[in-house]
Structures are given as structure tokens and as C-alpha cells.
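Novice: Here you go, one structure.
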Amino acid sequence: MSALRRDGRTSMSPRAGNTGPHTLAFVESPVQLLNVLEWAHAREPGADTGLTLVVLSPIDPMTRGQLRRMAELAREDGHEVRWEEARGGAAAPFQTIGGLAGLLRRADRVVLGDPFSRYVQLLLTITRARDLVVVDDGTATMEFVAQLARGERLVRWHRKGGRPGPRDLVFAPVSSAARKRLTPSDHRKVEIFSSMPMEETLQGVTITANTFAWTRDRFGPPRITKGADMVGTSLVETGVVDGDRYLEAVRSLARAHGATRYFAHRRESAEKLHRLAVETGLEVVRPDLPLELIARRGPIGRTILSFPSTVVHTLPLALSGTEVRVAVCDIDPAWLTENASPRAQGFLSGVTGTARDVHRLAAVTAV
């Protein structure tokens, strides 16, 4: 059995510490942890995953809070959780990687949620696992699969098109090695577990559909209210969309559809959310779990309004069998900042255009 230590880490049992876990999963966000649980649930009944979840904890308080709640659900499902303060000071990365090296070398399978993460890419250079699984980290998974198929360097979509910075150049050999590890070969299997559409895939990669069966089994069905709820996005925080334009778009969309609640993205700034609440009258809700679980648990509006994001793909699956309608509003090119990646508009349109079981709304006018 595992026990939660005073420093927040989960101590490993002597047996696990001696032999190493069969499957080692690395997560840095609540959605990644959710999708690891979905992957474990989707495996054949009785399949031994021997799953140990390693949380590479971020600094952001809201993300940490959601990760703590998801870790509780993972323990309730019988999985071991090891919490790492991976960013708790200059020496933390060295201590974390050093402490995990032995487990990585002994693991038969490694599951990861963010192949773009430099932390994860470093860890991939250590593992000898012959079975690698990438679970969804939202829309970034679509870009990862396409870049892997084209043999391109791994770059997040909202940064693509810019010149590599000094840190990118220093880290380039590690990133290149990680991409090679994530390419299937005669002695290594690679699986993508995703609810996202895949237009380009590399030969030899196994694609497994994430249907959110664990979420539907664990929660709901929800009580449905008559009104509409809105889902927030971090497109302002990532420098893609102008803040003033976004605020006006939210106000116009809420007014047109009678929305009363705004479910904040975990990366949205407190200043932006305060301004949004004051100027739109929306009740800002900071969820304690990923939105798929919040919506499935309920209560939730009969209509969920969203801009292009992961949830336009995942919410219809999590809410399958209910009467909730997901509606997505396109991003007007005029909202983009001058620093937005040249690929931003095309990528966001693709996110919307490939979503199934959603109602598509035209971009609202934002003055």
C-alpha cells in the first residue's frame, strides 16, 4: 500500500520500490491525469497495468488544486500516486530526475501526457521502456501527431513560426532524441490514446479512441438547467487573442445566448477574470476538477458555449446520452494579436471544423 508523506509525496511500497512499476505515467496537468485514468479504464478487463502516476507538479495554485483532487480519484481507483515538487526551486529538476531515474529504467511501459514538455523529453532519454503511450493533452495532441508524422521538431502550435530562442537551441538535442524515442520501431511500440481527430499519423503508431467511458461510469448523469454556461479559454494568456477583443466577444456571446456562468480555464489570470466578471455580469466559476467531470457531475446548462478548444471534442463524449448541446464560436481573425503564430487562425479553425456533435456559431462582432 502507499502512504501520503508529510511533504505531499506518496511513498512507494517496498515491493514497488525494489522491482519498479510495470507502468509509469507522468502528468503535469489535471486533464493529463484524467486521460491516464481513461486509458487505464479502457484496457482489457483484468489487464495488469501496475500503474504508478507521477505528478510533476506545476507552480500555478489552481492547477495544483485540480491535480490534488484528481490524485484523490486515482488513489480511490487503486493506483499509486507519487507527487513531485518538480519546480520547487533551482535544484528541484535535478532532484526530481535523479529520484526517478531508477524507476524509469525498470519500467516496462511509460505513459505521458505532454510530449512537448522539456521535463518529459528529458525523462524519455532515460527510460528503456519498449512500450510508450501518449495520452491527450488537449488540442496539442493533434499538433504532436502531425509533427511526428512529418518528422518536424516538436513545437507547440501557438509558438510555431517564430525563431527558436537560445533555450530552444540548447535543448534541441534532447528534443530530437525524445522525438526519436516517440517514433515506433522494431523494438518499441508507440500508442496515441486520444479523443482528437488525427488527419496525419505515422506508420506503426497505434491510435486508440478515448471515449470518456471512465468519466461516464464515475459521474452523472447530470442535472440539466435551462440556461447556458460558457467555457473560458487561455488564448489571451498564450498571446494569441487580444484581451479587449476577447472580453467584448464574451460579453456579446453571453448576451446573445443568455449565459450566466463562466467556467474559467485554469491558466486564466485573476486580473482578467475579475474584469470579465465586473464588465459582463457573468458568475466566474473556478472548477476544482477538469470541466469534463464538472459537466458530467452537474448541474450544467442545457447549452455550453465555447471558443475553439479541447472541450469542443471532449464534452460531447463526456455528456453522451444527455440533452446538453455544445456550441462553438469561431475566432475572428481581427481578434488575433500581432504576435500570434502565423498558424494560429488555421489551427483554431481546424479545431472547430473537425469537432463532432457540436453546433457551430459564427464569430460574434467584437468592436
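Novice: Checking Gly162 against (1) in a loop (DSSP other than H, G, I, E, B); (2) at pLDDT 85 or above; (3) outside the structural domain of Val240 (by TED's automatic domain parsing), which single condition isn't satisfied?
Specialist: Among (1) in a loop (DSSP other than H, G, I, E, B); (2) at pLDDT 85 or above; (3) outside the structural domain of Val240 (by TED's automatic domain parsing), Gly162 violates only (2).
Novice: Would you confirm whether or not the stretch 187-204 contains a residue that is under 25 Å from Leu348 (Cα atoms), charged (D, E, K, R) and exposed (fewer than 14 other Cβ atoms within 10 Å of the Cβ)?
Specialist: Yes, the stretch 187-204 contains a residue that is under 25 Å from Leu348 (Cα atoms), charged (D, E, K, R) and exposed (fewer than 14 other Cβ atoms within 10 Å of the Cβ).
Novice: Collect the residues in the stretch 108-156 that are touching a helix residue (DSSP H, G or I) at 6+ places or on another chain (Cβ under 6 Å) and polar (S, T, N, Q), keeping them in residue-number order.
Specialist: Passing the criteria: Gln121, Thr125, Thr127, Thr139.
Novice: Here are the criteria: (1) modelled with pLDDT under 85; (2) under 18 Å from Trp39 (Cβ atoms). Tell me which single one Val145 does not satisfy.
Specialist: Failing condition for Val145: (1).
Novice: Select from the stretch 206-236 the residues that are β-branched (Val, Ile, Thr), outside any loop (DSSP other than H, G, I, E, B) and surrounded by fewer than 21 Cβ atoms within 10 Å (Cβ to Cβ) and list them in ascending order.
Specialist: Thr206, Ile207, Thr208, Ile224, Thr225, listed by residue number.
Novice: Follow-up. What tally of residues in the stretch 23-35 results from selecting those that are within 19 Å of Pro287 (Cβ to Cβ) and of a type in the set (Val, Ile, Thr)?
Specialist: Qualifying residue count for the region: 2.
Novice: Regarding the stretch 240-251, can at least one residue be identified that is closer than 30 Å to Glu76 by Cα and in contact with a helix residue (DSSP H, G or I) (Cβ under 8 Å, 6 or more places away or on another chain)?
Specialist: Within the stretch 240-251, none of the residues are closer than 30 Å to Glu76 by Cα and in contact with a helix residue (DSSP H, G or I) (Cβ under 8 Å, 6 or more places away or on another chain).
Novice: Now a separate question. Got a sec? Which of Arg296, Arg261, Arg275 is touching an Asp or Glu at 6+ places or on another chain (Cβ under 8 Å) and modelled with pLDDT of 95 or more?
Specialist: Result of the check over Arg296, Arg261, Arg275: Arg261.
Novice: Could you give me the residue pairs with C-beta distances under 7 Å whose first residue belongs to the stretch 140-153 and is on the phi > 0 side of the Ramachandran plot, whose second residue is outside any helix (DSSP H, G or I) and not β-branched (Val, Ile, Thr) wherever it lies, and which are 6+ apart or on separate chains?
Specialist: Correct list of pairs: empty, since none qualify.
Novice: Which ones in the stretch 89-102 are touching a helix residue (DSSP H, G or I) at 6+ places or on another chain (Cβ under 8 Å) and without any contact (Cβ under 8 Å) to a residue 12 or more places away in the chain?
Specialist: Those that are touching a helix residue (DSSP H, G or I) at 6+ places or on another chain (Cβ under 8 Å) and without any contact (Cβ under 8 Å) to a residue 12 or more places away in the chain: none in the stretch 89-102.
Novice: Please go through the stretch 73-102 and pick out each residue that is among the basic types (Lys, Arg) and modelled with pLDDT of 95 or more.
Specialist: First pass over the stretch 73-102, keeping only residues among the basic types (Lys, Arg): 75, 82, 87.
Within the stretch 73-102, Arg75, Arg82 qualify.
Novice: Okay, moving on. Could you run through the stretch 76-88 and say how many residues are without any contact (Cβ under 8 Å) to a residue 60 or more places away in the chain and farther than 14 Å from Leu56 by Cβ?
Specialist: Counting residues in the stretch 76-88 that are without any contact (Cβ under 8 Å) to a residue 60 or more places away in the chain and farther than 14 Å from Leu56 by Cβ gives 4.
Novice: Just one of (1) in a loop (DSSP other than H, G, I, E, B); (2) at pLDDT 95 or above; (3) of a type outside the set (A, V, I, L, M); (4) not assigned by TED's automatic domain parsing to the domain that holds Ile304 trips up Phe193, so point out which.
Specialist: Condition not satisfied by Phe193: (1).
Novice: Is it the case that the stretch 250-267 has a residue that's in a loop (DSSP other than H, G, I, E, B), closer than 24 Å to Gly346 by Cβ and under 19 Å from the mean Cα position of the chain (by Cα)?
Specialist: yes
The values are calculated or read from the model by the stated rules, or taken from the named source; none is laboratory data. What you are looking at is a predicted structure, and each value in this text was computed from that prediction instead of being measured. Note that we place each Cβ from the backbone using ideal geometry, even for glycine, and neighbour counts take in every protein chain shown.
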